[in-house]
Amino acid sequence: MSHFFKPLFIFILTYTLYFNAHAQNQQPVAKPNILLIFADDLGYMDCGFTGSKIMETPNIDALSKKGMVFNNAYAGAGNCAPSRAALISGQYSPRTGVYAVGSTTRGPVDLMRLVPVRNNVSLNSSFHTIAEGLKGEGYVTAIFGKWHLADSKETQPQAQGFDWYTKGLKEQSAKGSNEANDPKGVSYLTDAAIKFMQNTKDKPFFAYLAHNAIHSKLEAKAETIAKFKKKGLSDKMAVYAACTYDFDVSVGVVMDFLKIWTG
């Protein structure tokens, strides 16, 4: 990973419908729908509202003004699988055993003074996930994008509480998708999540939108890269800024949909 120590940001949107049962005593008649947007490798200083002068994140910035921002909170781990395992299970790495992507044996073995801790590459099915918990409360659950907690029969999302699983345009985020107009599948996953929300009306839903952006391999839409090159950024920096911008556009598309859908 090119951004190993970058935190992963989480955006959670909840909303529900109310009606006046009694003028003096308004009671909610439905459980809140939950949309969880997971940003892979978005750096803490890479949003406008956190101080970036290079990145453009107008939609995330707007969301930060309307919602809650936690200035003293951290992801469960500093990279992909361990952080996802902590998020989905509610348990830290010493409990899930997911410490790293792949092997914990890194660097020259002959120079190691300690034996690396044993690493799990999957989230054991014994853990009660957030999806299983919400499903037990009557929610329809879905994931769109990167699971990265193994994909065997026992560890795939459908076995961990998710009713629907829409993969991205690639199996692994480090590989190219050969989709020039949507190289990281940002638009594809966004559209899939919106379609799911539109079609889920009878029950409350939990939608987990787990983008492959901004994780390496760094890719972005050609027009977005050109936008940042015009600002004088280097080729590499322009691609990184474009990745972040494309992700932010997805947040904006979802927010616009929710405004219309909820009236």
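The values are calculated or read from the model by the stated rules, or taken from the named source; none is laboratory data. Treat the numbers as computed from the prediction; the structure is a model and nothing was measured. Neighbour counts run over all protein chains shown; Cβ positions are idealised from the backbone, glycine included. For the accessible areas, the whole protein counts, side chains as well, though only heavy atoms, and no ligand, DNA or RNA atoms are used. Shrake-Rupley method; radii C 1.70, N 1.55, O 1.52, S 1.80 Å.
For this structure, a couple of remarks:
- Given (1) surrounded by fewer than 20 Cβ atoms within 10 Å (Cβ to Cβ); (2) in contact with a strand residue (DSSP E or B) (Cβ under 8 Å, 6 or more places away or on another chain); (3) at pLDDT 90 or above; (4) not acidic (D, E), number of the condition I37 does not satisfy: (1)
- Pairs linking a residue in region 33-55 that is closer than 30 Å to D202 by Cα and touching a residue at least 12 places away in the same chain (Cβ under 8 Å) to a residue that is part of a loop (DSSP other than H, G, I, E, B) and aromatic (F, W, Y), with Cβ atoms under 8 Å and 6 or more positions apart or on different chains, are I34/Y139.
- Residue check for G43: surrounded by fewer than 20 Cβ atoms within 10 Å (Cβ to Cβ) and within 16 Å of the chain's Cα centre (by Cα): yes
- Residue match in region 189-197 (condition: more than 14 Å from the chain's Cα centre (by Cα), open to solvent by less than 10 Å² (accessible area, probe 1.4 Å) and modelled with pLDDT of 95 or more): yes
- Scan of region 198-210 for residues that are under 18 Å from Q158 (Cα atoms) and out of contact with any Lys or Arg (no Cβ under 7 Å at 6 or more places or on another chain), ordered by number: T200, F205, F206, A207, Y208, L209
- The set of residues in region 128-139 that are in contact (Cβ under 8 Å) with a residue 40 or more places away in the chain and in a loop (DSSP other than H, G, I, E, B) comprises T129, E137, G138, Y139.
- Residue within region 240-247 that is under 25 Å from T141 (Cβ atoms), within 17 Å of the chain's Cα centre (by Cα), charged (D, E, K, R) and open to solvent by 10 Å² or more (accessible area, probe 1.4 Å) present: no
- So K217, is it under 27 Å from E132 (Cα atoms), open to solvent by 70 Å² or more (accessible area, probe 1.4 Å) and either in contact with an Asp or Glu (Cβ under 7 Å, 6 or more places away or on another chain) or modelled with pLDDT under 95 (or both): no
- Scanning region 91-105 turns up at least one residue that is assigned to a loop (DSSP other than H, G, I, E, B), over 30 Å from K229 (Cβ atoms) and in contact with a Gly (Cβ under 7 Å, 6 or more places away or on another chain).
- K170 being in contact with a Ser or Thr (Cβ under 8 Å, 6 or more places away or on another chain), surrounded by fewer than 20 Cβ atoms within 10 Å (Cβ to Cβ) and modelled with pLDDT under 95: yes
- Of the listed requirements (1) touching a Ser or Thr at 6+ places or on another chain (Cβ under 7 Å); (2) part of a loop (DSSP other than H, G, I, E, B); (3) of a type in the set (A, V, I, L, M, F, W, C), A85 misses just one: (2).
- Selection within region 54-68 - touching a Cys at 6+ places or on another chain (Cβ under 6 Å) and assigned to a loop (DSSP other than H, G, I, E, B): T57
- Residues of region 89-124 that are closer than 14 Å to N79 by Cα and touching a residue at least 40 places away in the same chain (Cβ under 8 Å): V98, V101, V121.
- Put simply, of T57, T104 the only residue that is out of contact with any helix residue (DSSP H, G or I) (no Cβ under 7 Å at 6 or more places or on another chain) and open to solvent by less than 60 Å² (accessible area, probe 1.4 Å) is T104.
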